[in-house]
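Okay, so here's the structure we're looking at.
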Amino acid sequence: MREIICIACPVGCKLKVKHKGELKGQWIIEGNLCEKGIEFAKNELTNPTRVICSTVKTTFKELPRLPVRTDGEIAKELIFEVMKEINAIVLDYHVECSDIVLRNVLNTGVNIIATMDMLDAKNEKRG
Ligand code: SF4
């Protein structure tokens, strides 16, 4: 039996997963408060993925780092390589929230997007 925490919502149900007999890919999943937990557990056991949230460097003094995230799920085994790509970004132009700062990272079909409008940050500091 394996225990995993469902991260599909903030409740964080503790899921107990065990193989169902001899059938490969068949599990008994317990501890989920909703159906999303079943889906999460199946994905976690077969093809675990994550949305990555991070920051990128900029050349602007008023906002030296800009928050970003992937606009889709990335295979868990690619997270380290994707983080290398994110860490190599230095933005020298202004972006708005949801603008793509790196397209199709590592040919995954997933983009790295801004999660903040640079102009908003500038105006907040002026306050
Ligand atoms: S099983 Fe449902 S309620 Fe529990 S953490 Fe997952 S999504 Fe949230």
Gain in span if fully extended, His19 to Leu106, counting 0.36 nm per residue against the direct Cα distance = 27.9 nm
Gaussian network model of the chain, Cα within-10 Å springs - most flexible of Glu44, Glu62, Glu85 = Glu62
13 Å Cα-Cα reach of Lys61 towards aspartates and glutamates, excluding residues that sit fewer than 8 places from it in its own chain | Asp92
Gain in length, Val90 to Thr115, computed as 0.36 nm per residue apart minus the alpha-carbon separation, to one decimal in nm?
-> 7.4 nm
With a 27 Å threshold on alpha-carbon distance, the violating pairs from Lys14/Lys76; Lys14/Lys57; Lys16/Lys84; Lys20/Lys76 are Lys14/Lys57; Lys16/Lys84
Give me the number: length gained by fully extending Arg2 to Ala75, i.e. 0.36 nm times residue separation minus the C-alpha to C-alpha distance, one decimal in nm.
-> 24.2 nm
Can you tell me the relative contact order of the chain? Whole percent, Cα pairs under 8 Å, sequence separation 6 or more.
-> 18 percent
Asserting the computed 222 nm helical MRE of the chain (DSSP H runs at least 4 long, -39500 (n - 2.57) per run, divided by residue count, to nearest 500) equals -7000 deg cm²/dmol
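The numbers here are math on the coordinates, done by the rules we state, and not lab data. Keep in mind that what you see is a predicted model, and the values were worked out from it rather than measured.
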